[in-house]
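Contents: one structure, followed by commentary.
The values are calculated or read from the model by the stated rules, or taken from the named source; none is laboratory data. This structure is a prediction, so every number in the text was calculated from the model and none was measured. Every residue, glycine among them, receives a Cβ derived from its backbone with ideal geometry; neighbour counts consider all protein chains shown. We work out accessible area using only protein heavy atoms, side chains counted, and drop any ligands, DNA or RNA first. Shrake-Rupley method; radii C 1.70, N 1.55, O 1.52, S 1.80 Å.
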Amino acid sequence: MNSVEPLTKADRVCLADSVLGVIVYKNRLTYIVDQIERSKGEIQDASFDDLLYIRKLLATYFRFHNTDDILFEELTAPLQAGTRFMRCLTATESIQWPTDPFLRISVEYSIPQWLLEAWSDSFGLEGVRRLCKECNNRGPVTVRANTLKVSREQLQVKLASEGVESLPTKYSPWGLTFTQGRPSGGTWQLSVSKQRLMELQDEGSQLIALATGVSEGTESVLDYCAGAGGKSMALAGMLGEGRGVIHAWEPFSNRRETLRDRIIENNLQYRITVEESLQEVEALSMDCTLVDAPCSSSGTLRRHPELRWRMEEDIAMREMPELQKEILANASRTVRPGGVLVYATCSLLVEENEDVAMWFASSSFGEDFEPMALLEPPFEDLRRNGRRPQTRAEMKSSGEKEKDGIGGDRDDHMLTLAPHLHGTDGFFIARWRRHMIGK
């Protein structure tokens, strides 16, 4: 870039987006660059420590994903317009794309092939393509109204007064989506945010809280993997003016401190208690226990594009499900007779979702529970977007792999949300009710 003339704000935003784009499209860009290098007979090891190689990746990103011609010319000037690399870069027909469908999608959308193959068991090949496209788009900016202080309609009016237009979310009764994306300066500078009238929260995450069925008559709730407390605070809103108490458990002490601080900031210490030890948690007997289990986070790639390169297949497909089974089994002990147990992840992997839920149902821990169908609004509408969930073995034996979507009528207590089907991040929800004593 020209070191004499400073970059404009628009240039900085464009360049920052392009660097992020290189991270997102790393597979695609390196494939194209390597194709060109091979055509030149100059195969070299790709290295992100090589400044020239980085320039080539950025140039390739600008060529296919950015329309700023001036920045493109400045960025590629050191590569010399007349070189074979630049000539090949402008001639897309010279690129030989893979013929294997999964490898082609992996290259085209820059997502690891093992993840695509795992997703195909739930969504089919074309469904995977649509999902990948959504994973490479920016997720919507969605907030949840703090209904203890303001209604969704009142929040929408207040946001408009600050110049932020929004629309009600399709499924969550508390959500608003900003029509113009992230406001200048971020959401934290908005007065409605400073007054704690809203919380940044994807619509799918809001629906997990909704699935608990908590109401003003609920006496006790356990958020077993509370994290930063987003769902705990949503549950507090569901309790409304009732006398119920939320117990929040987070195993990591530093996260517990953050959780406690957020509860105090939102003046919810009268409603949410942060438990200090697992022994205290295991002694609880709850009307409802929510297990938002740690997972691969494979449903959040549009929020965290770099995650696709950090996920490890063995951890996501084998190690994580074993941990989830242990957590779900332990949490189930805290549910009183007649109480509700909800298991959730932000994953789109069958191994972390349906397989864990079905393991629980067939284990000794699940013998005192019965499926609790997710058929009330809005889950009935969400379910119309696809078929019933199945385990991987069932899908392979039934030959239904090409169907696009999840949800249906046999396992109505399980539901998967996906970006290309529902507009939310990727989530899974399963729900059971504990048998009454003597049943």
> Can you put Asp34, Asp425, Asp314 in order of accessible area, largest first, using a 1.4 Å probe?
Replying inline: Asp314, Asp34, Asp425
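When the solvent-accessible surface of protein heavy atoms is calculated with a 1.4 angstrom probe, in what order do His422, His435 fall, highest first? If you can, show how the numbers build up before the last one.
Numbers: His422 15, His435 45 Å².
Result, largest first: His435, His422.
Going from most exposed to least, what order do Thr177, Thr300 have by accessible area with a 1.4 Å probe?
I get Thr177, Thr300, largest accessible area first.
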>> So for each of 335-347, 18-30, 202-214 I average, over its residues, the number of other beta carbons within 10 Å; can you give me the resulting order with the highest mean first?
In response: 202-214, 335-347, 18-30
> How would you order 284-291, 371-378 from highest to lowest mean count of nearby Cβ atoms within 10 Å?
Replying inline: 284-291, 371-378
> Pairs Lys170/Lys194; Lys149/Lys325; Lys133/Lys158: which are spaced more than 28 Å apart, C-alpha to C-alpha?
Replying inline: Lys149/Lys325; Lys133/Lys158
> Can you give the extra length, in nm with one decimal, that the chain gains between Asn330 and Asp100 once fully stretched, where that is 0.36 nm per residue apart less the Cα-Cα distance?
Replying inline: 78.5 nm
> What accessible area per residue, rounded to a whole number of Å², is obtained for the stretch 185-327 using a probe radius of 1.4 Å?
Replying inline: 43 Å²
